[in-house]
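Engineer: The structure that follows is given in the form of structure tokens.
The values are calculated or read from the model by the stated rules, or taken from the named source; none is laboratory data. Predicted, not measured: the structure shown is a model, and the values here were computed from it. When we count neighbours, we look across all protein chains shown, and the Cβ atoms used for this are built from the backbone with ideal geometry, even at glycine.
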Amino acid sequence: MEDKILKDSEDLSQGSEMLNSNDTPISEEKLSAADLLLKKIAEKRENKEVSEKKEEVLMSEITTQSENNQLNDIPEELEEAEEETSESYDFIEFSREVLAEKLKDLLENPNFNEIKENAERIKMAFYKKLNFEISEAKAKFLSEGNAEENFQYEEDSTAIKFKELLTVYKTKKANWTENTEKNKTKNLAEKYKIIEEIKDLINKPENFDQTFNEFKELQKRWREIGQVPQNEMKNMWDTYNAQIENFYNYININKELRDLDLKKNLEIKIHLCEKAEMLTLEDGIVKAFKQLQELHEQWREAGPVPREKKDEIWERFKSATVVINKKHQDHFDELKNEQETNLVAKQTLCEKAEELAEHIPTNHKEWKESGDKVVELQQLWKAVGYAPKKYNQEIYERFRKACDKFFTAKREYYAEDNEEKNNNLQLKTDLCLQAESHKDSTDWKKDTELYKKLQEDWKKIGSVPSKYSDAIWHRFRKACNAFFEHKESFFKSKDSEEELNLAKKNEIIKKINEFEFTDFNTDDMAKLRDLQNEWTEIGFVPFDQKDKIYKEYRQALDLKFEKLNVDKKGKTENKFKERLAGIKNSGNSKELVVNEVDKLRMKIEKINADINLWENNLGFFANTKNAEVMIKDFKLKIEKSKEYVLDLKNQIKLLLEHEEK
């Protein structure tokens, strides 16, 4: 009898192996023997052993569900932080036109799930740029003394096109969301249907191999079904695991088959652990976190493992999960800290803007200085990154309120000053009329003195309304220039020496064109310099030949210098020296020198002002964690600007030396 039981036991073991390896199903004869053997073994086992087996199955499934619950216990703050801070750093560098084209290309993809993330980032980047442009346009509009209620910003074709693309995108998104929710509801119904089929297996006549195969097929179908509504997930899994437990208790799977199933589940979970551990090395933190969620889902789908391995495999998977979650949390903590630093910087700028808004200047000079400081603060504001989302709009409104208060006061001041400017406009208009009435005169001596006096009177008159400033100045200058050009043309046409000068300059051009280079660039350069000096020593040529002869001279000289590989700076110096020579040979060289020096000094003042702005405000963010790149760029600008100032000062020196001769 004992031999019979052993033989039947071997038959059952072989049948189990065949079942797990998908070989030929167990025959009805062997199945009967298996049923008989299970019955006899069950009778011989003590109740304690049976209870332990049931407990093992139950605890395995409960532990699996417990692990699933722990793995999905991701703090809502992380999910919200990820949603709030996933800004378009990869798209922010593109122009609005390029962003519109990229959105258009994305919408051609029929798979909405593949494009939704980048589409949202493109939208965010586009409207950040558009809002920035509107803000700058408004600031400029207000700084010119205009009323805020008169400000209008018309959308360009790119903004209109982008809105149309967003309408298409929103339609796609609505359809995708609707279909997704429908599919989730459908999937939930399918999963509950499978639960009922597992429940029905218990009521079927026990045919071991057929019933177990049906059970495994139902599990496979369960795993293949997609997502279900989040609020239904816990109840669904509880019901599913309860039916799994009932099935295992009912079917009385033999230990060999159960061990094979547990071993297979262990191999699956080991593979999931390896994948999770590889994700700890992933540089893309957000990407790794999302992939970890997929591993969570696969872990949930995997069945129980041998009891002696349960804690070990769970701790291994949990360790990798903790590392990835920690990196994910640290990533958003870092973003949060950076935004907190930006908030402090913006609070400082608000305080300075409010100080300027409270101090009311009493004259034009003070208004200009204060206005420049406000504009400087606005430029620094643009350089600071975003503050935390809950404070970003509030701090911006505070800063804008202070700036608006300042510019409103400035408009009121200049409104009172407008009457004086209108009077100045009338005085300058009278000077224009006088200048225009004498521009064709040939009384050179008398009218030359007249125009000099008109120019002196012009300088004594104050400013005019800004919208007329350029026009009235161009009108006056045009009339003055017309007289002096007429005078210069008259005297040049009378000077017979000019024809001789023309012949001399043609001879120099000929020498330049025929100049042959040697192997010594320095000597060649010196010879060309001599020809240049000789050119500058020659006086005027006929007025109608002036541009033509100079163009020929310039073309010939440029061709030679190109062959000598003269660098850009050298060419710039040459052109300046030529300009200096032209001033020297002009009839009003003194006046031209004064004008040229004034222009260069104005350039130097502007550049020095920029340098001071940059140097003075580097201290704003000296201790800011994310300011290194910005400070480096400012220092490079400062260095280049100082070099340019030295070049301009050298030009002034050359002009003044010429004037003293």
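Engineer: Among the numbered criteria (1) out of contact with any Phe, Trp or Tyr (no Cβ under 8 Å at 6 or more places or on another chain); (2) small (G, A, S); (3) under 24 Å from N612 (Cα atoms); (4) assigned to a helix (DSSP H, G or I), which single criterion is violated by A409?
Structural biologist: The number of the failed condition is (3).
Engineer: Scan the range 229-247 and report the pairs whose first residue is outside the structural domain of L218 (by TED's automatic domain parsing) and whose second residue is surrounded by 17 or more Cβ atoms within 10 Å (Cβ to Cβ), with Cβ atoms within less than 6 Å and a gap of 6+ or a chain change.
Structural biologist: Close Cβ pairs (under 6 Å, with a partner that is surrounded by 17 or more Cβ atoms within 10 Å (Cβ to Cβ)) do not exist here.
Engineer: Of E282, E224, which residue is modelled with pLDDT of 85 or more, under 28 Å from E117 (Cβ atoms) and of a type in the set (D, E)?
Structural biologist: On the way: E282 fails: modelled with pLDDT of 85 or more.
Unique residue meeting the criteria: E224.
Engineer: Another question, then. Please go through the range 159-190 and give me each residue that is over 21 Å from N109 (Cα atoms) and under 23 Å from the mean Cα position of the chain (by Cα), ordered by number.
Structural biologist: A159, I160, listed by residue number.
Engineer: Among the listed residues E338, E354, E308, which satisfies the condition of being free of Cβ contacts under 8 Å to residues at least 40 places away in the same chain, assigned to a helix (DSSP H, G or I) and either surrounded by 15 or more Cβ atoms within 10 Å (Cβ to Cβ) or out of contact with any Gly (no Cβ under 8 Å at 6 or more places or on another chain) (or both)? Talk me through it step by step, then tell me what you get.
Structural biologist: Values: E338 fails: free of Cβ contacts under 8 Å to residues at least 40 places away in the same chain; E354 fails: free of Cβ contacts under 8 Å to residues at least 40 places away in the same chain.
Matching residue, one of E338, E354, E308: E308.
Engineer: Within the range 497-535, restricting attention to residues that are surrounded by 15 or more Cβ atoms within 10 Å (Cβ to Cβ) and under 26 Å from H486 (Cβ atoms), which residue is modelled with the lowest pLDDT?
Structural biologist: Looking at the filtered set, the residue picked out is E498.
Engineer: Since F247 meets every condition but one in (1) modelled with pLDDT of 80 or more; (2) touching a Phe, Trp or Tyr at 6+ places or on another chain (Cβ under 8 Å), which condition does it not meet?
Structural biologist: With (1) modelled with pLDDT of 80 or more; (2) touching a Phe, Trp or Tyr at 6+ places or on another chain (Cβ under 8 Å) applied to F247, the lone miss is (1).
Engineer: Determine which member of the set Y396, Y386 is of a type in the set (S, T, Y), free of Cβ contacts under 8 Å to residues at least 60 places away in the same chain and closer than 30 Å to V286 by Cβ. Break it down into steps so the answer makes sense when it comes.
Structural biologist: Values: Y386 fails: free of Cβ contacts under 8 Å to residues at least 60 places away in the same chain.
After ruling out the rest, the residue left standing is Y396.
Engineer: With respect to R300, determine if the residue is out of contact with any Ser or Thr (no Cβ under 9 Å at 6 or more places or on another chain), crowded, with 17+ Cβ neighbours inside 10 Å and more than 28 Å from A402 (Cα to Cα). Break it down stepwise before answering.
Structural biologist: Values: out of contact with any Ser or Thr (no Cβ under 9 Å at 6 or more places or on another chain): no; crowded, with 17+ Cβ neighbours inside 10 Å: yes; more than 28 Å from A402 (Cα to Cα): yes.
In short, no.
Engineer: Report, ordered by the first and then the second residue, all pairs with beta carbons closer than 6 Å, sequence separation of six or more or different chains, a first member in the range 95-121 that is closer than 15 Å to T177 by Cβ, and a second member that is among the aromatic types (F, W, Y).
Structural biologist: Between residues of the range 95-121 that are closer than 15 Å to T177 by Cβ and residues that are among the aromatic types (F, W, Y), the close pairs are F112/W176; A119/Y169.
Engineer: If you don't mind, another one. So which residues in the range 395-448 are farther than 30 Å from E351 by Cα and of a type in the set (A, V, I, L, M, F, W, C)? Talk me through it step by step, then tell me what you get.
Structural biologist: First, pick out the residues of the range 395-448 that are farther than 30 Å from E351 by Cα: 418-448.
Across the range 395-448, the qualifying residues are L425, L427, L431, C432, L433, A435, W444.
Engineer: Does A288 satisfy the criteria of being in contact with a His (Cβ under 8 Å, 6 or more places away or on another chain) and at pLDDT 85 or above?
Structural biologist: Numbers: in contact with a His (Cβ under 8 Å, 6 or more places away or on another chain): yes; at pLDDT 85 or above: yes.
Here the answer is yes, as A288 does meet what is asked.
Engineer: Please go through the range 536-555 and pick out each residue that is of a type in the set (F, W, Y) and surrounded by fewer than 17 Cβ atoms within 10 Å (Cβ to Cβ). Don't jump to the end; show me each part of the working.
Structural biologist: Our first condition is that a residue be of a type in the set (F, W, Y); within the range 536-555, this holds for 540, 543, 550, 553.
Listed by number, the residues that qualify are F543, Y550.
Engineer: Assess whether H296 counts as being of a type outside the set (K, R), free of Cβ contacts under 8 Å to residues at least 40 places away in the same chain and in a helix (DSSP H, G or I).
Structural biologist: Numbers: of a type outside the set (K, R): yes; free of Cβ contacts under 8 Å to residues at least 40 places away in the same chain: no; in a helix (DSSP H, G or I): yes.
Judged against the criteria, H296 is not a match.
Engineer: Can you pull out every residue in the range 357-371 that is part of a helix (DSSP H, G or I) and without any contact (Cβ under 8 Å) to a residue 24 or more places away in the chain? First the steps, then the outcome.
Structural biologist: Going residue by residue through the range 357-371, those that are part of a helix (DSSP H, G or I) are 357-358, 364-371.
Passing the criteria: E358, K365, E366, K368, E369.
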